[in-house]
Number of protein chains: 2
Amino acid sequence: MTDYPELMTRDLAAGLRLVDGGVTAARGFRAGNTACGIKSDAGLPDLALLVADEQCAAAGTFTTSKTASHTVLLDREKLASTGGHAQAVVVNSGNANCSNGEQGMLDARRMADVTAQKLGIDPSLVLVSSTGIIGRRLPIDKVEKGVAQIEVHPDGGPDFAQGIITTDTRTKTIAVEFTVEGKTVRLGGSTKGAGMIYPNMATMLCYLTTDAAAEPAFLQQLLSAAVDDSFNMVCVDGDMSTNDTVLLFASGVAGNTPLNASSPDAALFEAALRHVTRYLAREIPRDGEGASRFQTVTVRNAPTRADARKAARAITNSPIWQCAIAGSDPNWGRVIAALGKSGADLDHNKLDISLGGVLVVHNGVATDYDQAAAKQVMGQPEVAVDVDLHLGDVSAMAWGCDLTHGYIEENAEYTR
Amino acid sequence: MTDYPELMTRDLAAGLRLVDGGVTAARGFRAGNTACGIKSDAGLPDLALLVADEQCAAAGTFTTSKTASHTVLLDREKLASTGGHAQAVVVNSGNANCSNGEQGMLDARRMADVTAQKLGIDPSLVLVSSTGIIGRRLPIDKVEKGVAQIEVHPDGGPDFAQGIITTDTRTKTIAVEFTVEGKTVRLGGSTKGAGMIYPNMATMLCYLTTDAAAEPAFLQQLLSAAVDDSFNMVCVDGDMSTNDTVLLFASGVAGNTPLNASSPDAALFEAALRHVTRYLAREIPRDGEGASRFQTVTVRNAPTRADARKAARAITNSPIWQCAIAGSDPNWGRVIAALGKSGADLDHNKLDISLGGVLVVHNGVATDYDQAAAKQVMGQPEVAVDVDLHLGDVSAMAWGCDLTHGYIEENAEYTR
């Protein structure tokens with residue numbers, strides 16, 4: 001079912017094995033979805049619930065938007081108050097619960113409270129997420145009805161993945177298995193994306209679970225770093241959202257000693273987390289609104305990490321270059337322009353640029369490249385843009401998509 | 001001929017009168033164009049020349065891109081070496097002369113030198129501009145042929161305007177007349193825009209002339225300030241170009257005492273310059289690639305000028321909001337999201353937003369606004385987005401357009 005790219009399979013770190021199940025691949029979790037009428041298309045799943053059998057160590061990263069949604073504000077508050085613990089998250093799609101004032105915060109709390117009541121757990125352990133249209137009051141009566149009727153199962157991962165998507169054309173899920181202290185551990189997750197995608201510090205909606213035991217502070221540190229190199233490096237349209245959220249729950253069912261920075265298997269756990277977040281992040285522009293082609297941008301030999309990241313992100317966030325990709329046009333001058341505007345430290349006369357392995361620019365000037373070959377690589381479903389700044393030794397990767405008529409069709413009529 | 005909007009006519013500062021003629025409205029200038037085969041569509045004008053009868057005081061602002069074109073690098077060098085003097089500018093369209101290495105700089109110099117030779121003036125007084133595809137060598141033989149055949153006339157302003165455009169659907173020109181020391185003075189100009197438009201510190205191509213006498217340092221100071229509030233506040237697609245250039249020539253034919261900051265008429269001259277640059281800047285997104293609707297964004301009561309500008313520009317540079325405008329959709333949640341990502345200091349709970357005069361958000365929450373009225377104002381050719389931050393007393397305006405299928409059509413196949 002999952003569109004698991006060849007590249008990522010090859011990339012699987014030593015000691016990791018792919019498994020099915022998404023957010024319920026790890027032991028100790030149940031999940032499900034229901035349709036309660038929040039989305040205008042009746043019958044589409046629009047409420048999803050993920051619940052652990054026991055309280056979990058938990059970590060989260062959230063949008064840096066100054067108009068963050070009420071759900072984001074509430075989750076930040078809860079994770080701080082519990083010192084990094086949670087047991088459930090309830091997610092609605094179709095309404096962002098953003099820009100609804102005090103009522104929005106009351107509705108977010110109510111959504112958590114009715115879920116806590118159903119599950120018989122403390123409300124401080126229930127997180128909430130919303131995605132959809134901004135500025136309309138959350139239909140809390142429908143949410144309450146949905147919470148009452150939703151059923152969760154130990155194999156409910158795929159249902160959960162279905163319940164959180166909006167304009168996504170497919171679900172986005174992965175899970176891996178590995179060994180910690182001789183015990184089998186799993187880590188998996190699901191994400192949603194599609195539009196308003198240019199995260200900064202956190203992103204979109206993504207839910208991760210593991211049955212490893214881990215200390216909350218360690219979890220948070222690993223999650224923030226992994227998100228920075230995955231979700232924070234994708235772009236569909238340059239629009240950071242008000243609701244971006246990544247949550248990680250660790251149930252501890254595997255029975256290992258809680259992981260921390262000095263655990264012998266800390267590095268393997270981090271590799272698993274980075275693999276899962278990177279896979280899910282890449283899935284977002286791969287299924288960006290209207291996207292027909294995917295681009296992987298690698299910037300090498302930058303003087304600093306910030307320069308490498310700025311340069312890579314500027315290329316994924318250039319509408320005019322995204323249009324060139326849509327048209328299979330190796331118009332690399334637009335990559336030059338994107339680099340120029342990026343704010344990254346660079347020397348125009350040292351730039352090398354390859355498109356799909358074809359070196360089109362050397363020392364800032366066009367090479368005598370084969371036009372047909374360049375056109376051919378630009379016509380592939382995946383385009384690799386490789387930039388060498390020759391100014392240092394730091395690299396960064398970013399992922400994006402093209403800009404097509406489909407994006408405009410989806411976004412000119414969204415609130416109807 | 002000129003599409004001079006009602007709004008701007010009403011806005012004409014006291015003491016200014018509209019006149020025809022563009023860059024040749026001011027006395028002491030001649031201009032013209034020719035077709036020399038740089039553009040692939042044979043017969044389209046692609047070389048333009050503006051020349052003053054005598055050496056002028058001159059000022060310029062240029063792209064801050066780190067991959068600036070060879071013409072931009074050369075003009076910066078020349079204006080510095082002459083201490084703010086110039087007599088001519090030769091402009092080609094169809095080729096950006098950017099990313100061509102040492103050859104690009106040689107070609108830019110050659111373009112200036114052959115023009116200086118034809119005009120019998122010192123090469124240091126001839127500026128050059130290029131616009132078009134990045135990364136292809138400038139066909140210098142065609143440029144030389146064009147320079148040899150081009151004719152300039154005292155009424156050649158409209159021809160010049162035609163010679164500098166690329167994907168623009170029309171020329172963009174204005175001129176005003178006013179009085180300095182009892183002497184009639186004119187100030188006018190032409191610009192080109194259309195795509196790769198999100199200037200920072202300078203912008204696109206724009207040429208301004210006046211027959212007022214003025215001190216170069218004073219001209220430069222006024223031009224930089226006027227550009228900052230005009231061209232630096234427009235957006236078509238968020239892509240800053242490698243070739244952005246604004247030049248101002250003052251011939252002094254009017255015979256006034258050279259203007260400086262303490263001249264009695266300095267304020268009127270500045271008002272004229274601000275009017276002309278703002279008119280021309282607004283013309284760019286009005287004719288943005290594929291644009292069907294124009295937006296004027298006003299951000300009021302920001303704590304600082306930087307906050308006001310960031311907030312206003314973030315709205316014009318939100319593809320997802322630009323799509324809402326294309327679809328006549330009053331989906332103001334996307335304005336909220338753009339404000340949130342802008343980096344401007346704001347309080348979500350104090351935001352007021354009006355669309356075309358309809359107050360849709362008060363204190364960060366939807367008002368009980370008339371949906372039909374909101375939809376109706378979003379269907380107009382011009383949409384006014386008014387944001388009140390209620391945090392200070394500084395305002396800024398920015399101008400942009402919608403995002404349509406036309407933009408993608410133009411940019412998916414540009415280099416063919």
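The values are calculated or read from the model by the stated rules, or taken from the named source; none is laboratory data. Please read these numbers as outputs of a predicted model, since none were measured by experiment. Quick reminder, even Gly has a Cβ in these numbers, built from the backbone with ideal geometry, and neighbours come from all protein chains shown.
Brief remarks follow.
- Within the set B:Leu355, B:Leu403, B:Leu391, the sole residue that is surrounded by 22 or more Cβ atoms within 10 Å (Cβ to Cβ) and more than 9 Å from chain A (Cβ to nearest Cβ) turns out to be B:Leu355.
- For segment A:119-137, the candidate set comprises residues that are at pLDDT 95 or above, outside any helix (DSSP H, G or I) and not acidic (Asp, Glu); within that set, the residue that is nearest to A:Thr82 (Cα to Cα) is A:Val126.
- Complete set of residues in segment A:262-309 that are among the charged types (D, E, K, R), in a helix (DSSP H, G or I) and more than 24 Å from A:Leu18 (Cβ to Cβ): A:Arg305, A:Asp307, A:Arg309
- Flag if A:Ala312 is more than 14 Å from chain B (Cβ to nearest Cβ), over 30 Å from A:Val89 (Cβ atoms), in a helix (DSSP H, G or I) and not polar (S, T, N, Q): yes
- Among (1) surrounded by 18 or more Cβ atoms within 10 Å (Cβ to Cβ); (2) at pLDDT 90 or above, the one test that B:Ala372 misses: (1)
- Any chance A:Asp41 is at pLDDT below 90, in a loop (DSSP other than H, G, I, E, B), under 15 Å from A:Thr173 (Cβ atoms) and not hydroxyl-bearing (Ser, Thr, Tyr): no
- Residue check, A:Thr34 of a type outside the set (Phe, Trp, Tyr) and modelled with pLDDT under 85: no
- Selection over segment A:268-292 of residues that are within 13 Å of A:Leu223 (Cβ to Cβ) and among the acidic types (Asp, Glu) gives a count of 1.
- Candidates B:Val185, B:Val152, filtered to the one that is touching a helix residue (DSSP H, G or I) at 6+ places or on another chain (Cβ under 8 Å) and either in the same structural domain as B:Ala217 (by TED's automatic domain parsing) or of a type outside the set (Ser, Thr, Tyr) (or both): B:Val185
- Annotation: A:Phe294 fulfils all but one of (1) buried (at least 24 other Cβ atoms within 10 Å of the Cβ); (2) more than 12 Å from chain B (Cβ to nearest Cβ); (3) under 27 Å from B:Gly406 (Cβ atoms); the unmet one is (1).
- Number of the condition not met by B:Pro319 [criteria: (1) buried (at least 21 other Cβ atoms within 10 Å of the Cβ); (2) under 19 Å from the mean Cα position of the chain (by Cα)]: (2)
- Scope segment A:98-132; condition within 12 Å of chain B (Cβ to nearest Cβ) and free of Cβ contacts under 8 Å to residues at least 60 places away in the same chain; matching residues: A:Asn100, A:Gly101, A:Glu102, A:Gln103, A:Gly104, A:Met105
- Hits in segment A:62-80 (condition: β-branched (Val, Ile, Thr) and either over 18 Å from A:Val227 (Cα atoms) or crowded, with 24+ Cβ neighbours inside 10 Å (or both)): A:Thr63, A:Thr67, A:Thr71, A:Val72
- Here segment B:367-388 is the region considered, the condition is being free of Cβ contacts under 8 Å to residues at least 24 places away in the same chain and of a type in the set (Gly, Ala, Ser), and the residue that is farthest from the other protein chains (Cβ to nearest Cβ) is B:Ala373.
- Residue within segment A:339-349 that is among the acidic types (Asp, Glu), within 12 Å of chain B (Cβ to nearest Cβ) and surrounded by 23 or more Cβ atoms within 10 Å (Cβ to Cβ) present: no
- Check on A:Ser69, at pLDDT below 90, in contact with a Cys (Cβ under 7 Å, 6 or more places away or on another chain) and of a type in the set (S, T, N, Q): yes
- B:Gly94 being more than 14 Å from every other protein chain (Cβ to nearest Cβ), at positive phi and of a type outside the set (S, T, N, Q): no
- Segment A:171-201, residues that are touching a Ser or Thr at 6+ places or on another chain (Cβ under 9 Å), at pLDDT 80 or above and part of a loop (DSSP other than H, G, I, E, B): A:Thr171, A:Glu181
- Of the set (1) part of a helix (DSSP H, G or I); (2) closer than 30 Å to A:Ala254 by Cα, all apply to A:Val89 but (1).
- Among the residues of segment B:268-316, those identified as among the acidic types (Asp, Glu) and under 16 Å from the mean Cα position of the chain (by Cα) are B:Glu283, B:Asp287, B:Glu289.
- Under the condition of being polar (S, T, N, Q) and without any contact (Cβ under 8 Å) to a residue 12 or more places away in the chain, the residues counted in segment B:300-334 number 1.
- Close Cβ contacts (under 7 Å, 6 or more residues apart or on different chains) running from residues in segment A:335-348 that are in a loop (DSSP other than H, G, I, E, B) to residues that are surrounded by fewer than 24 Cβ atoms within 10 Å (Cβ to Cβ) and modelled with pLDDT under 85 comprise A:Leu346/B:Lys66.
- Of everything in segment B:133-148 that is among the small types (Gly, Ala, Ser) and over 25 Å from the mean Cα position of the chain (by Cα), the residue that is nearest to the other protein chains (Cβ to nearest Cβ) is B:Gly146.
- In segment A:50-86, the residues that are in a strand (DSSP E or B) and polar (S, T, N, Q): A:Gln55, A:Thr61
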